[in-house]
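Data block below; observations after.
Please treat every number below as a calculation from the coordinates, not as lab data. For clarity, every value in this text was computed on a predicted model and none was experimentally measured. We place every Cβ from the backbone using ideal geometry, glycine too, and count neighbours over all the protein chains shown.
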Amino acid sequence: MAIQPGDQIPDVTVHTKTADGIVPIQTADVLGEGKVVLFAVPGAFTPTCSDYHLPGFVAFAEEIKSKGVDTIACIAVNDAFVMDAWGQSQNVGEHVLMLADGNGDFAEAIDLVMDGSGFGLGTRSQRYAAIIEDGVVTELFVETSPGLDVSSAEKVLAAL
């Protein structure tokens, strides 16, 4: 069963790119303290993700953080090099932490996996957003159809 509000975020190793290179990071460390907005996309550089989902969180980052959010994080089943390049191309700067779930371990651990093999994408994460407080999901917005609606930055901001 997919993760639900009230559930603890699983502790899984993901990766991010820093000035020191690719760094493994535990989700319990990056998502487990303070108030976090996490959003997942099926893939970096894909149309809806690049045109709307990530740019929305960059555009509304200051407003989201003004609601007491410590971290805004984007996660996708892509490698850390791709996530870093995508973040640079989208000018995320310090607004959004880009997390690479390269093997899909986190998507699998929260049971929000999408089979995109019919489109040549393989196994990916479903599109969703979550509000997490001290490692516990308080709100979860999972898209039930293609496109962007319930997990947009605007909807998350309204829920904060």
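How much net charge surrounds Leu148 when only other residues with a Cβ under 14 Å from its Cβ are counted (Lys, Arg +1; Asp, Glu -1)?
Within the 14 Å Cβ shell, the charges total -2.
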* To do: Report the label-to-label distance for Asp11 and Ala159 in nanometres (one decimal), using points 7 Å from each Cα along the Cα→Cβ vector.
  => 2.6 nm
* **Among beta bridges that DSSP assigns inside segment 13-159, antiparallel share in %, nearest 5** => 70 percent
* Under 20 Å between alpha carbons - lysine pairs in segment 13-159 that sit 8 or more apart or on different chains -> 5
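So which GluC sites (Glu not before Pro) in segment 66-160 pass both tests, a DSSP loop state and at most 16 other Cβ atoms within 10 Å of the Cβ?
Sites meeting the loop and neighbour criteria: Glu94.
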* Can you bin the chain into rounded, prolate or oblate? Criterion: square roots of the alpha carbon gyration tensor eigenvalues sorted a ≥ b ≥ c, rounded for a/c under 1.5, prolate for a/b above b/c, oblate for the rest. => rounded
* Asked: FRET efficiency for Glu63 and Ala109, Cβ-Cβ distance as r, R0 = 25 Å, nearest 0.05?
  -> 0.25
* Between the alpha-carbon centers of segment 124-160 and segment 1-73, tell me the distance in whole angstrom. => 10 Å
* Structure fact -> Per its Cα gyration tensor (rounded if a/c is under 1.5, else prolate when a/b beats b/c, else oblate), segment 1-88 is best filed as rounded
* Please compute the net charge surrounding Leu157, taking Lys and Arg as +1 and Asp and Glu as -1 over other residues with Cβ under 12 Å from its Cβ. => -1
* Structure fact -> Around Glu33 (Cβ within 15 Å, Cβ-to-Cβ, excluding Glu33; K/R +1, D/E -1) the net charge comes to -4
